[in-house]
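Read the structure below first, then the notes.
The values are calculated or read from the model by the stated rules, or taken from the named source; none is laboratory data. Not measured: the values here are computed from a predicted model. When we count neighbours, we look across all protein chains shown, and the Cβ atoms used for this are built from the backbone with ideal geometry, even at glycine. When the accessible area is computed, the model is the full protein with side chains, heavy atoms only, and any ligands, DNA or RNA have been set aside. Shrake-Rupley method; radii C 1.70, N 1.55, O 1.52, S 1.80 Å.
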Amino acid sequence: MDEDFRAAGRDGEGVNVLRLLMVDDHLMLTEALSARLSDGGDIWVVGRCATDDPRLPAMVDRLRPDVVTIDVDPVTSTGDLVEAVLLRRPAVRVVVLTGGLDRQRAVDAARAGAAGWVPKECGVEELLTVLRGVCAGHAWFPPEVLGEILLRLREDVVRAGRRDGPLDVLSDRERDVLRGMVDGKRGTRIAEELRISVETVRTHTRSILAKLRVHSQLEAVSVAAAAGLRTNPAAPGPAGALAPPDPR
């Protein structure tokens with residue numbers, strides 16, 4: 001971690017107490033970590049909850065955290081979790097804690113607005129430095145994923161500058177879901193491949209229909225085909241044919 005980032009963390013020690021909300025499925029570990037973080041003197045853990053806790057939006061509203069740590073969940077989309085928090089409190093800083101190195105999840109988190117991506121094997125002092133730093137306006141991603149993030153975000157900027165087609169109203173994740181629909185995959189299969197929940201697929205599907213101004217998945221697939229969104233060559237079905245979308 002560079003000296004500028006460390007300096008930002010040290011400077012934060014004499015300013016305000018930072019309100020921290022921890023979102024993690026391992027509540028026992030979270031309790032132990034929150035006690036260690038509180039020893040820093042300028043971190044106040046105002047709440048803890050699991051990643052799938054339906055009370056999360058209400059907790060963000062009620063607890064008004066300055067920073068939220070989010071565990072990488074094996075089912076829920078990391079990007080969707082980050083977006084859900086920022087939707088309720090746009091000024092909050094989100095730091096993702098991860099036990100593994102998943103570049104795609106790191107890219108999704110950065111796209112959604114996460115300010116940091118921290119491996120769980122890092123020490124408490126390093127995590128404290130990151131939390132203080134992001135609240136001071138900095139961002140931190142490990143070098144192992146930073147290159148991929150910068151490349152993908154740069155591609156997003158270029159693509160956004162060229163967008164003028166009927167599918168350009170869709171987000172990248174909505175395009176992924178629509179491509180699965182074009183391939184004739186069921187909602188459960190799309191969720192499995194994108195590593196998101198089936199309910200999240202349904203949410204994206206409703207958003208796709210609304211944005212494309214159509215009333216069914218079949219109509220959405222027709223719009224996608226007309227716009228040139230190609231099927232996956234490995235998808236089942238006759239070559240060049242559009243398989244019927246999953247009705248769910």
Checklist entry - Net charge near Leu29, counting Lys/Arg +1 and Asp/Glu -1 over other residues with Cβ under 11 Å of its Cβ? => result -1
Checklist outcome for this item: Once both label points are put 7 Å beyond Cα along the C-beta direction, the Val158-Leu218 separation in nm becomes 3.9
Checklist entry - Can you give the extra length, in nm with one decimal, that the chain gains between Val124 and Ala227 once fully stretched, where that is 0.36 nm per residue apart less the Cα-Cα distance? => result 32.1 nm
Checklist entry - Once the piece of chain linking Leu209 and Arg55 is laid out straight, how much longer is it, given 0.36 nm per residue of separation minus the C-alpha distance between them? => result 52.7 nm
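Skip the ligands, DNA and RNA, and give the accessible area per residue of segment 55-155 with a 1.4 Å probe, whole Å².
I get 43 Å² per residue for segment 55-155.
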Checklist entry - If you roll a 1.4 Å probe over segment 94-177 with all protein chains in place, what percent of the accessible area is carbon or sulfur? => result 53
Item to check | Peptides 127-134, 198-205 ordered by average Cβ neighbours within 10 Å, highest first | outcome: 127-134, 198-205
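Any chance you could run the full-extension gain for Asp176 through Arg36? It's 0.36 nm times the residue separation minus the Cα-Cα distance, nm to one decimal.
46.4 nm is the gain from fully extending Asp176 to Arg36.
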Checklist entry - Can you list, bin by bin at 5 Å, the percent of alpha carbon pairs in segment 62-147, starting at 0? => result 3, 15, 29, 26, 19, 7, 1, 0
Item to check | segment 105-172: GluC sites (Glu not before Pro) falling in loop per DSSP and having at most 16 other Cβ within 10 Å | outcome: Glu121
Next on the checklist: With the cut-off at 1.5 for a/c, could you classify segment 174-220 from its C-alpha gyration tensor as rounded, prolate or oblate?
Outcome noted: prolate
Item to check | Student exercise, segment 94-233 dipole from Lys, Arg, Asp, Glu Cβ charges, in Debye to nearest 20 | outcome: 500
Next on the checklist: Going by Cα centres, segment 200-214 and segment 172-196 are how many Å apart?
Outcome noted: 12
Checklist entry - Hey, got the dipole for segment 97-179? About the Cα centre, +1 on K and R Cβ, -1 on D and E Cβ, debye to the nearest 20? => result 220
